[in-house]
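Step one of this worksheet: look at the structure below.
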Amino acid sequence: ESSPAAENKSELSLVDFCTQLEDYTPTIPDAVTQHYLQMSGLNTDDPRIIRLVSLAAQKFLSDIINDSLQHCKMRGAPQGSRKGTKDKRYVLTMEDLSPALAEYGINVRKPMYFT
Amino acid sequence: MLGADPGKPTLELKMESAVAAMCVEAGYVSANREAIEVLAQVLQSYIKEIGHTSNVYCEVAQRSVPTVSDIHLAFIELGARFMNLEEYAQRPQRRHIPRQLRSYPNL
């Protein structure tokens, strides 16, 4: 449980942070985020709100990608390593992504295959 | 690895480009198409969920225009931690997709 003072502080810092977002470009284009927000019923033209959502979604995904990279490194994936060089070239595959997504409660399954 | 797929809507392609940029930023060199598509769907679903939850908070407060506080409440409900967001926004290796300019029409 956080105290009301701490909550108030976080709210204030959030408002400050939102004003900084006016001249910030997230990786996800604004138009894309705005479209999906509109699809879910949230109609807004405020770039601060759109960028805040973009940034949060980006962080969520970035955490998943980093987790899958750790899985890839732990597996010692020999797949992408070049001969002669020590640096490994990591390739994102479903084999690493599935356990990373499962940690976030997302279970990925392949569709049924009919011959 | 993202080849041109004429059958795909532009928004999905842009989403996949954004996911690919995030993968490169994390340290990947290449990715399977299947993995990129799954991540793009996860991203799409997450944005929709934030939008839906914020919209509910907005309507409960008898407003039609959402405020930052509605988004904040939605983030809390989804379990997103706000504290690291500012730090994440200012990371040095961040990338953004340049806006494509329309080609000059051939008259």
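The values are calculated or read from the model by the stated rules, or taken from the named source; none is laboratory data. Everything numeric in this text was worked out from a predicted model, so none of it was measured. We place every Cβ from the backbone using ideal geometry, glycine too, and count neighbours over all the protein chains shown. Protein only, heavy atoms only, side chains kept; ligands, DNA and RNA dropped before computing areas. Shrake-Rupley method; radii C 1.70, N 1.55, O 1.52, S 1.80 Å.
Overview of values
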{"item": "C-alpha center-to-center spacing [the range B:12-41, the range A:16-74] in angstrom", "result": "14"}
{"item": "Cut-off 9 Å between beta-carbons: net charge of the residues surrounding residue B:25, Lys and Arg +1, Asp and Glu -1", "result": "+3"}
{"item": "Chains A and B together, accessible area buried on both sides, 1.4 angstrom probe, square angstrom", "result": "4800"}
{"item": "Test item: Cα-centred dipole of the protein assembly as shown, Lys/Arg +1 and Asp/Glu -1 on Cβ, debye", "result": "1180"}
{"item": "Relative contact order (%) - chain B, alpha-carbon pairs under 8 angstrom, separation at least six", "result": "27"}
{"item": "Equivalent ellipsoid semi-axes - Cα gyration tensor, chain B, angstrom", "result": "30, 20, 15"}
{"item": "Positive dipole terminus of chain B, leading residue within B:98, B:52, B:75 (C-beta point charges)", "result": "B:98"}
{"item": "Listed residues B:61, B:31, B:80, most fluctuating in chain B (Gaussian network, C-alpha, under 10 Å)", "result": "B:61"}
{"item": "Positive minus negative residues near residue A:75 (Lys, Arg vs Asp, Glu; Cβ under 12 Å)", "result": "0"}
{"item": "Rounded to the nearest 20 debye, dipole of the range B:5-58 from Cβ charges on Lys, Arg, Asp, Glu", "result": "100"}
{"item": "Simple Cβ-charge dipole of chain B, Lys/Arg +1 and Asp/Glu -1, about Cα centre, in debye nearest 20", "result": "400"}
{"item": "Listed residue (B:39, B:62, B:22) projecting farthest to the positive dipole end of chain B, Cβ model", "result": "B:22"}
{"item": "Residue mean of other protein chain beta carbons inside 10 Å, B:86-96", "result": "4"}
{"item": "For the protein assembly as shown: lysine pairs under 18 Å (alpha-carbon distance), excluding those fewer than 8 apart on one chain", "result": "6"}
{"item": "Alpha-carbon Debye profile of the protein assembly as shown, log10 I(q)/I(0) at 0.18 Å⁻¹", "result": "-1.38"}
